[in-house]
Each structure stands twice: as structure tokens, then as C-alpha cells.
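Here is the structure we will look at, set down as C-alpha cells.
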Amino acid sequence: MDSRNASIANQIGYGAGQVAGQVFRDLPSLLLLFFMTTVLGIAPDVAGVTIFVPKLLFGTIFDVSVGILSDRLRRKFARRWWLLAGAMLSPLAMILLFHVPEGSQTLKLAYVAGTFSLYMAVFASFSVPYLAMAGDLTSNPSQRNVVMAWRLVFTAVGVLVAGALAPAIIEMQGGGQSGYEDMALVLAAICPISLLIAFFSSAKTAKVAAASDRPALADRLSFKKACSILLAPRYSVLLLTNLLQLTGAGMAYASLLYFLTYNMGRADAFQLIGVVVIMACLGIVLAQPLWVRLADAIGKRRAYIAATILYLLTYVIWGFAASWGSIATFALSFVAAVGNSGWTMLGFSMMSDIASEDEEHAGLYSAAWIATDKIAFALGGTLLVGVTLAIFGFDSAKAVAGLPQSDSAMMGIIVAFAAIPVTLNIVGAFIFGRWGQVGDKEPAAA
């Protein structure tokens, strides 16, 4: 294996690109469903389907296409150049998504579906190559934990932007559609800056990676061959675990505003969520040294399972904590983020281990990972939450009018916020603990 280690400056610059990725990932999950149900007045199940279909269909197609192209063209067109394309297109996608024109509900649904499809295409254009670039920064599996820890630090910044700054802007602008439109304008300026930092910081590492690349690849990868690569147990078990846990995390995240607004009865939910997210960001940042050291001590797989158990136990408690007050909510958010950041960072690290051992298909591995992330957040963060709320009787007309929901509807919020996410994380931890084949024994570093 070639020996390469990026400088701290390169690692930090690479990590900065995650701000845009996290904003593009989290914003629809946290705000788009809430926007459609409480501002546009669309039923939660219909709104969930409207977001889910483009995210599942177009998101997957775009991710896989970009992944394969970035593999095929990587000697002529370094992966970092995809970040530049994302920097140019991300403002347009962000602004269009929330500038919904006046008209019938059918027109609004068609507009959201169309602009969200564009949003997913832009997201794929930079998120897949960005993740694949991680293998260019270091050939040392242990050091890869550090790289991913830096990435998680900037994940916290992205979470802060999408989860605290965005709601604060909406609140300051008086809520309603105009508040969401102003929020989109601010975030449209932040995302390209993040991608440009990562683009310029990766110039040196891209040259080193190109110099150490393996012999030229065949131009085309058959569908059968791609499936055989992705279905290998070492990768597929990790991917399935990630799918289940991210689906649960997506449900919890998308239900958070509903939980604060209705179950906790907070009229200031948009202000409260900012503090909740700040506490989560502190948990993410402060936990990274812990997970790096624990993974070195007991292996990535065992540390991953430990992080999952901490995360799911927190949500078991949180589901019963609606009446406990703000301080308990802030503390639970902090602890949940510690667990979440652990299995997220270690999952990325183990995926990068696999990709670095098969560098000619790194884009394919990254595409499948990112596509799974988007599918999980589409499934959990929109469709399952929307369907669950509809089953339990959540009333969008009451939400637009600012009226309280029924006891049944509030029970549905708890099911979406805690019960289903906990179940999915238990299943994921069991699968990975039983059949996982990566993470405990690290390959020797050059």
C-alpha cells in the first residue's frame, strides 16, 4: 500500500467541505416536511411522498452515476473538480427549493417535486466525489479515524447552520413562506464557500493520489460487476446497518420540531431547537477524541456498537421526557449526539478502509454509501414520519391555524420521534455485531 498522510491543514480544509454536505442533507429532513405541512397546508403523508420519490429515485440515480463517472474519469478529471461544480450550482438549488409559487396544491406539489429533484442532482455532484476523496488523504486506517473526526467536527458546523441558524432566520423574518425564502438566500451563500475551501485545500493531496494510483482502469463497469462488488459481505453488512440506523436517525430528526411544538407545547420551538442543535454540536465535537481513542483501543466495530447503544438508550429516555423541561432536553440532545457522532464517524471510517483497499472502485463505494444515506433520510426523514403522523391523525389544517393536535396525533409524534428509531437502531446493532466483517482488525499501514 502506498504511504501518504495529508497535513493537518489539508485535513481541516477537507473537513470544511462537509458543511455544505451536511446542510444539503439535513435541511430537507428538518424543515421541508414541516414547511409543507404547516406553511403550505399539505397533508403529511402527501408531503412525505412528494419529498421521498425524488430523493429515492433521482437521488440514487444521480449518486451512482456520479460515483461511476468519478471513478472512470479520475485520471483526467480529479475528484476535487466536482466540488467546484457543486459550488457553482448549490446556490441555485437552495434558493429554488423554498421559493414556492402561489397557486393550487397540485402546482405546489409539482414545483416542490421538480426543484427537489434538481436539489438532489446538485447534492450528488459534490457529495459522492467528496466522500471518495477521503482515501486520498491517508493510507493509514487508524489515521483515517482522525480524518473522519475532522469531518465530524465540520458536520457539527453544518448541523448548526441547518438546525440552528436556519430556524433562527425563519423566526426573525416572522415565519411563513417569506421567512423560509430569506433563510434559503443565506444558506445559498454559505454552501459554496464551504465547497471552495475543500476544493483549494485538496489540490496537493489530489496530485499525491494521482501519482500513487494503480494501473489504468477499464472504461466501463458492468451492472453485474458493480452489484458483486457492493454485495460482498464485508461491505453490504456495514451498508445495511448504516441504512437501518440512518432511517431511524432521519425519523428522529424530522420529528424534532413536531415534538418540541406539540408534545412539549412550546410556542418558541424555532428558538428552542437552536439551543437543542447547539448542544448536539457540542456533543459531536467533544466526542471525537473519545471515539478515536476507543476505536484504537477496542477496534472500530466494537466502538461502533457501543456508540449505537448509547444513542438508542438516549432516545428510549427522550420519548418519555416531553414534560421534563428544557434542561433535560438539552442534556439528552448532547448525549444522543455523542452516540450518533460515534457510529457515524466510525461507519465512514470503515467504509473508507474498504474503499482504500479497492481504490479503483472508491467512487462506487462512496456512491452507494451516499445513496444509502439519502434513501434512509428520505425514508425516515419524510415518508415514514409523514405516514406515521397521518395514521395517528395529525391535522395539517390545525397546524396552519396554530391549533393544538389531538392526543392520538401527539402519540404518533412520539412513535416517529423515539419508538421506531430505537427499534431500527437495535436491529442495526444486532446485524453488525453478528455479521459485521470490518473494523476490529486493522490492515497494516505502510
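Bear in mind these aren't lab numbers, they're just calculated from the coordinates by the rules spelled out. A quick note: this is a predicted structure, and the numbers were derived from the prediction, not measured. Because the Cβ atoms are built from the backbone with ideal geometry, glycine has one as well, and the counts that use them run over all protein chains shown.
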Quick calc: nm separation of the 7 Å Cα→Cβ label points for ALA85 and GLN105 -> 3.8 nm
Strictly greater than 26 Å: what percent of every Cα pair in the range 316-446 meets that?
41 percent
Below 8 Å between Cα atoms, with a sequence gap of 6+, how large is the relative contact order for the chain in percent?
30 percent
What does the extension gain come out to for ALA203 and ALA189, with contour length at 0.36 nm per residue minus their alpha carbon separation?
2.8 nm
Only Cα pairs under 8 Å and at least 6 apart count here; give the relative contact order of the range 356-446 as a rounded whole percent.
20 percent
Distance from the Cα centre of the range 75-102 to that of the range 221-286, in angstrom?
23 Å
Longest principal axis of the chain (C-alpha) makes with the long axis of helix 233-258 (C-alpha) an angle, in degrees to the nearest 10, of 30 degrees
Return one number: the angle in degrees, 0 to 90 and rounded to the nearest 10, between the long axis of the Cα atoms of helix 420-435 and the longest principal axis of the Cα atoms of the chain.
20 degrees
Could you tell me how many degrees, from 0 to 90 and to the nearest 10, lie between the Cα long axis of helix 362-378 and the main elongation axis, the longest principal axis, of the Cα atoms of the chain?
10 degrees
Considering the chain as a Gaussian network with a 10 Å cut-off on Cα pairs, which listed residue, ALA336, ALA203, ALA20, attains the greatest mean-square fluctuation?
ALA203
For the range 328-369 and the range 372-419, write down the distance between their C-alpha centroids in whole Å.
27 Å
Between LEU73 and VAL400, take the C-beta separation as r, use R0 = 60 Å, and let me know the FRET efficiency to the nearest 0.05.
0.80
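Is the C-alpha gyration tensor of the range 54-172 telling us rounded, prolate or oblate? Criteria: a/c under 1.5 is rounded; beyond that, a/b larger than b/c is prolate, otherwise oblate. Please report the intermediate quantities before stating the final value.
Details: a/c = 2.75, a/b = 1.49, b/c = 1.84.
Since a/c reaches 1.5 but b/c is at least a/b, the shape of the range 54-172 is classed as oblate.
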